[in-house]
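The values are calculated or read from the model by the stated rules, or taken from the named source; none is laboratory data. All values derive from a computational prediction rather than experimental measurement. We place every Cβ from the backbone using ideal geometry, glycine too, and count neighbours over all the protein chains shown. Calculation scope for accessible area: heavy atoms of the full protein, side chains included, ligands and nucleic acids excluded. Shrake-Rupley method; radii C 1.70, N 1.55, O 1.52, S 1.80 Å.
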Number of protein chains: 2
Amino acid sequence: MDAIQNYIDQNKDRFLEELLELLRIPSVSAQPAHNGDMIAAAEWLKKNLTIAGVDKVEIHQTPGHPIVYAEKMIDESLPTILVYGHYDVQPAEPLELWESPPFEPVIKKTEIHPDGAIFARGSCDDKGQVFMHLKAFEAMNLNDQLPCNVKFMIEGEEEVGSDHLGTFCKENKEMLACDVILISDTSVIANDIPSITTGLRGLSYVEVEVTGPNKDLHSGVYGGGVANPVNVLCEMIASLQDEDHRITVEGFYDNVIDLSEAERKAVNAAPFDIEEYKKGLKVNDVQGETGYSTIERTSTRPTLDVNGIWGGYIGEGAKTVLPSKAFAKISMRLVPNQEPDEITEKFIKHFTKIAPAGVTVKVEPHHGGFPVVTPIDTPEYLAAHKAMKDAYGKDPIPVRGGGSIPIVALFEKVLGVKSVLMGFGLDSDDIHSPNEHYGLFNFYKGIETIPKYFINYAELKSK
Amino acid sequence: MDAIQNYIDQNKDRFLEELLELLRIPSVSAQPAHNGDMIAAAEWLKKNLTIAGVDKVEIHQTPGHPIVYAEKMIDESLPTILVYGHYDVQPAEPLELWESPPFEPVIKKTEIHPDGAIFARGSCDDKGQVFMHLKAFEAMNLNDQLPCNVKFMIEGEEEVGSDHLGTFCKENKEMLACDVILISDTSVIANDIPSITTGLRGLSYVEVEVTGPNKDLHSGVYGGGVANPVNVLCEMIASLQDEDHRITVEGFYDNVIDLSEAERKAVNAAPFDIEEYKKGLKVNDVQGETGYSTIERTSTRPTLDVNGIWGGYIGEGAKTVLPSKAFAKISMRLVPNQEPDEITEKFIKHFTKIAPAGVTVKVEPHHGGFPVVTPIDTPEYLAAHKAMKDAYGKDPIPVRGGGSIPIVALFEKVLGVKSVLMGFGLDSDDIHSPNEHYGLFNFYKGIETIPKYFINYAELKSK
């Protein structure tokens, strides 16, 4: 173990330099203009994995963005850990809100990150976190201390629904065979409060289009006489939640499993300061489903959020137009046991039903994902608990995460393997927002913790 | 009169060529990028008015866009007609919906315009219509048949609220002294059903901004826990109208004068085919305030329409963001005796009041205008009735218009003069929409009718 730690200490600066290289590649999976950058990022990972000493590394083409697969098989009799991560990032827009260009990483100190943080799109989600695994592997491998077999599966479509990873898994079951899937794409409560994510919400994402008259009209000549699609869209969206902020889509809660009192207690036991929370977001008050705490609302309850809306004249000045169309992107976070396809179906049915006669409605499903909950009494989880306790000097707290990694449920279904979500980011790292950043403390802490996981897991499995 | 008609017939083609020249100048008053074009359009009018034979023509600078003033005073003892119009146009966006470029006029035949129509932004609203007056004046003047004095006041800010015309009128009362103001910026019911506009709706236009968290957030990590400004904006907009499509802004209807049964009868007497109306707009049904006909809803009742809305991620693909801000442009059409400033005040008060604790709200007033109703028993109106009856061979129908020409009320207040709204467009001419057009029939019919108005008016006044 010392050899590994020494190696990490001696190569700290190089590790960081390498990550900054990767962050400079604008691999935005949602925007076709960046398709070339996606390939560049995959090639970069292939090169870096080779240096780290894998036996085999391949770039697998898909109808979408490529998947990077690599492995180091040292002994069939030893357990195999499959590391999953993604090299694609969220769009950086709105660009004007970035203090430094999203793909020109800079290191800056912040209140929460006194040692400095890397500001760049993807620094935390997920390039910075998946890259920790490459360096942890390198440290173990080049010091001949790799305790088990390793496989890497790094995709380029996580931010757009992992559309092709499912097929890839189905078609490569043998190649991907493993005992556990290790993922670092989540966060800890705080740098002095380690935690492990034991649940994730699912996702249903749709885009809606409301059409009124067949063309933009003069709001004076026609105003008051025909349905205005923007007004109508607003009414329809408003009607999707009641005054208790419960979602009104018919049958939406049918399969939601309510937490037991004990589970609710555990969830609310996690340290949380509502005043700090409000201060951090500069809001006068929180808002959410009646009868639940903020932690519950953001991790154990389903939601409906408009992620984007547009219609009519949005340029400078005033235009008195009655628009022909209005659009919105709407996503719903799901909890066990809601099924994304079923929820999308129900949404489409409901949304079409509530449309008034004066408009027509189109709903296009984008992507979805299943919610997951992971057990905490397995060697897979206990290895993470032990590793974090060792690295942080404290017992990590099991917490439910509010985000979605749709692929986790799929791994369980297709590969029959549980995932462990050992992430090192902070909720305040602004992933998906302008000025995304990742603490240097978190980056190096992750690289130190991962080998401990490998060693613990090999031990626990050998028992 | 024959000499005038002959002159018009002989110069038809040149008149059209000149109008096309004017339409090629993209004088969009709302967009600062076109400030140079605004000046070019004013200069072009000055040149053309000079050719038509005015004694005096000046371009008056304002803090906004310039006002073109011209006059031909032939005899102090004769009545004076002031022609008002505007050379500015609405923004052309959305450009992708234009079949030909908005500022490259083309002539095309349509079902309603078998003789052809001029397709270009401003062809009908208002360059095409104000230009008819220049040519009608030229025809009378160069044939020494001008029956009274003429003044022209052509502004460049009608589409953005005529912010500086009020001051201009106050400061130039003497120069603008006249007996009637003649305006062609409205429409007839159909080319075989002449009509004269006897009322206009007023306008209150505001832009709203709703702010939730201080930055865009990950909708998974925060979704369900904080107010989403887009969802909130939708709820707030939806709450501005009740199920009867009545506006809920406190005190909104306080000063609305309800029409008498007789007036309602007259309004509804105008020829109107609801099926044709729906077919023309490709909508399955109309929608509006309970208890009123479509004609009433679009001309005699106040409205609230969202003219534009935007917020969050509106790019390609899916982004799971919980936006920091959402925006909307909202306009209200007003009827006698609603006062724009008072309504704007009430809106700001109401909109701020209904904002939930989780967001902050900003409302910025854009511009407003008073509603007007003109009497139909005055020589000013009767001259128009006679002119149209003569030109169309039918009695024109007095109708209330749904649009707003805010300045009409101001003329009455400041100059103490009534306006006559003798317009020649059609509601189907797509003003403010892509593919705005103006019929050649309407253009020439206007040039023929205007001299008749001058002659009738001079006669009626001399009695």
inquiry  = If I ask for residues that are more than 21 Å from A:Ala270 (Cβ to Cβ) and either modelled with pLDDT of 95 or more or in a helix (DSSP H, G or I) (or both), which ones from segment A:370-389 would you list?
reply    = A:Pro379, A:Glu380, A:Ala383
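Checking the condition assigned to a loop (DSSP other than H, G, I, E, B) and open to solvent by less than 50 Å² (accessible area, probe 1.4 Å), which residue from A:Gly280, A:Gly288 passes?
Checking each option against the conditions leaves just A:Gly288.
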message = Any residue that is open to solvent by 30 Å² or more (accessible area, probe 1.4 Å) and touching a Ser or Thr at 6+ places or on another chain (Cβ under 9 Å) - is there at least one of those in segment A:13-34?
response = yes
inquiry  = Looking only at segment A:410-463, filter to residues that are open to solvent by 40 Å² or more (accessible area, probe 1.4 Å) and either β-branched (Val, Ile, Thr) or in contact with a Lys or Arg (Cβ under 7 Å, 6 or more places away or on another chain) (or both); which one of those is farthest from B:Tyr313 (Cα to Cα)?
reply    = A:Ile455
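Any residue that is of a type outside the set (S, T, N, Q), closer than 19 Å to A:His65 by Cβ, surrounded by 17 or more Cβ atoms within 10 Å (Cβ to Cβ) and at pLDDT 95 or above - is there at least one of those in segment A:141-151? Talk me through it step by step, then tell me what you get.
Narrowing segment A:141-151 to residues of a type outside the set (S, T, N, Q): A:142, A:144, A:146-148, A:150-151.
Next, from what is left, pick out any that are closer than 19 Å to A:His65 by Cβ: none.
Looking for residues that are of a type outside the set (S, T, N, Q), closer than 19 Å to A:His65 by Cβ, surrounded by 17 or more Cβ atoms within 10 Å (Cβ to Cβ) and at pLDDT 95 or above, one finds none in segment A:141-151, hence no.
Would segment B:411-433 turn up any residue that is touching a Phe, Trp or Tyr at 6+ places or on another chain (Cβ under 7 Å), farther than 30 Å from B:Asp258 by Cβ and either outside the structural domain of B:Thr110 (by TED's automatic domain parsing) or not charged (D, E, K, R) (or both)? Don't jump to the end; show me each part of the working.
Of all residues in segment B:411-433, those touching a Phe, Trp or Tyr at 6+ places or on another chain (Cβ under 7 Å) come to B:417, B:419-420, B:422, B:425, B:429.
Restricting the remaining residues to those that are farther than 30 Å from B:Asp258 by Cβ gives B:429.
If we keep only those that are either outside the structural domain of B:Thr110 (by TED's automatic domain parsing) or not charged (D, E, K, R) (or both) as well, we get none.
No, segment B:411-433 has no match at all.
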message = Among the residues that make up segment A:107-124, is at least one of them buried (at least 21 other Cβ atoms within 10 Å of the Cβ), within 14 Å of chain B (Cβ to nearest Cβ) and within 17 Å of A:Ile450 (Cα to Cα)?
response = yes
note = Counted residues in segment A:35-46 being within 14 Å of another protein chain (Cβ to nearest Cβ) and either surrounded by fewer than 16 Cβ atoms within 10 Å (Cβ to Cβ) or aromatic (Phe, Trp, Tyr) (or both) come to 1
task = List the number of the failed condition for A:Ile193; all other conditions in (1) open to solvent by 10 Å² or more (accessible area, probe 1.4 Å); (2) of a type outside the set (Ser, Thr, Tyr); (3) out of contact with any Gly (no Cβ under 8 Å at 6 or more places or on another chain); (4) within 13 Å of chain B (Cβ to nearest Cβ) hold.
result = (4)
inquiry  = Can you confirm whether A:Lys265 is within 11 Å of chain B (Cβ to nearest Cβ) and either out of contact with any Gly (no Cβ under 8 Å at 6 or more places or on another chain) or of a type outside the set (Val, Ile, Thr) (or both)?
reply    = no
Segment B:199-242: number of residues that are open to solvent by 10 Å² or more (accessible area, probe 1.4 Å), more than 10 Å from chain A (Cβ to nearest Cβ) and either assigned to a loop (DSSP other than H, G, I, E, B) or within 22 Å of A:Val221 (Cα to Cα) (or both) = 1
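Just to check your reading of the model, which residue among B:Ile74, B:Ile67, B:Ile81, B:Ile25 is within 21 Å of B:Glu448 (Cβ to Cβ) and among the aliphatic types (A, V, I, L, M)?
Working: B:Ile74 fails: within 21 Å of B:Glu448 (Cβ to Cβ); B:Ile67 fails: within 21 Å of B:Glu448 (Cβ to Cβ); B:Ile25 fails: within 21 Å of B:Glu448 (Cβ to Cβ).
From the options B:Ile74, B:Ile67, B:Ile81, B:Ile25, the qualifying one is B:Ile81.
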query = Is it the case that segment B:390-400 has a residue that's surrounded by fewer than 24 Cβ atoms within 10 Å (Cβ to Cβ), outside any loop (DSSP other than H, G, I, E, B), among the small types (Gly, Ala, Ser) and out of contact with any Asp or Glu (no Cβ under 7 Å at 6 or more places or on another chain)?
reply = no
query = Is there a residue being surrounded by fewer than 21 Cβ atoms within 10 Å (Cβ to Cβ) and more than 14 Å from chain B (Cβ to nearest Cβ) anywhere in segment A:363-373?
reply = yes
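Conditions tested, residue by residue: (1) of a type in the set (D, E, K, R); (2) without any contact (Cβ under 8 Å) to a residue 12 or more places away in the chain; (3) part of a loop (DSSP other than H, G, I, E, B).
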site: A:Ala3; (1), (2), (3): no, no, no
site: A:Arg14; (1), (2), (3): yes, yes, no
site: A:Glu17; (1), (2), (3): yes, yes, no
site: A:Leu22; (1), (2), (3): no, no, no
site: A:His34; (1), (2), (3): no, yes, no
site: A:Lys46; (1), (2), (3): yes, no, no
site: A:Leu78; (1), (2), (3): no, no, yes
site: A:Ala92; (1), (2), (3): no, no, yes
site: A:Pro101; (1), (2), (3): no, yes, yes
key: Yes/no for B:Thr344 being part of a helix (DSSP H, G or I) and within 12 Å of another protein chain (Cβ to nearest Cβ)   = no
inquiry  = Condition first: touching a helix residue (DSSP H, G or I) at 6+ places or on another chain (Cβ under 9 Å) and more than 11 Å from chain A (Cβ to nearest Cβ). Now tell me which residues in segment B:243-254 satisfy that.
reply    = B:Thr248, B:Val249, B:Glu250, B:Gly251, B:Phe252, B:Asp254
task = Could you grab the pairs with beta carbons closer than 7 Å, sequence gap of 6+ or different chains, first residue in segment B:283-298 and more than 7 Å from chain A (Cβ to nearest Cβ), second one among the small types (Gly, Ala, Ser) and surrounded by fewer than 20 Cβ atoms within 10 Å (Cβ to Cβ)?
result = B:Ile295/B:Ala270
note = Of those in segment B:299-317 that are closer than 20 Å to B:Phe327 by Cβ and out of contact with any helix residue (DSSP H, G or I) (no Cβ under 6 Å at 6 or more places or on another chain), the residue farthest from the other protein chains (Cβ to nearest Cβ) is B:Leu304
note = Of (1) open to solvent by less than 40 Å² (accessible area, probe 1.4 Å); (2) more than 8 Å from chain A (Cβ to nearest Cβ), B:Ile257 fails just (1)
key: Meets criteria (small (Gly, Ala, Ser) and in a helix (DSSP H, G or I)) for A:Ala357   = no
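Is at least one residue of segment B:321-339 without any contact (Cβ under 8 Å) to a residue 40 or more places away in the chain, outside any loop (DSSP other than H, G, I, E, B) and open to solvent by 60 Å² or more (accessible area, probe 1.4 Å)? Don't jump to the end; show me each part of the working.
Within segment B:321-339, the first condition is being without any contact (Cβ under 8 Å) to a residue 40 or more places away in the chain, and the residues that meet it are none.
No, there is no match, as no residue in segment B:321-339 is without any contact (Cβ under 8 Å) to a residue 40 or more places away in the chain, outside any loop (DSSP other than H, G, I, E, B) and open to solvent by 60 Å² or more (accessible area, probe 1.4 Å).
May I ask you to verify whether B:Ile405 is among the β-branched types (Val, Ile, Thr) and either more than 12 Å from chain A (Cβ to nearest Cβ) or open to solvent by less than 20 Å² (accessible area, probe 1.4 Å) (or both)? Walk me through it before giving the result.
Values: among the β-branched types (Val, Ile, Thr): yes; either more than 12 Å from chain A (Cβ to nearest Cβ) or open to solvent by less than 20 Å² (accessible area, probe 1.4 Å) (or both): yes.
It is true that B:Ile405 is among the β-branched types (Val, Ile, Thr) and either more than 12 Å from chain A (Cβ to nearest Cβ) or open to solvent by less than 20 Å² (accessible area, probe 1.4 Å) (or both).
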ask   = Here is a list of conditions, (1) outside the structural domain of B:Ile183 (by TED's automatic domain parsing); (2) at pLDDT below 95, and B:Lys362 meets all of them except one; can you say which number that is?
value = (2)
inquiry  = Just the residues that are modelled with pLDDT of 95 or more, of a type in the set (Gly, Ala, Ser) and touching a Lys or Arg at 6+ places or on another chain (Cβ under 9 Å), please, taken from segment A:1-50.
reply    = A:Ser27, A:Ala41
ask   = Does A:Phe351 satisfy the condition of being surrounded by fewer than 23 Cβ atoms within 10 Å (Cβ to Cβ), assigned to a helix (DSSP H, G or I), in contact with a strand residue (DSSP E or B) (Cβ under 9 Å, 6 or more places away or on another chain) and modelled with pLDDT of 95 or more?
value = yes
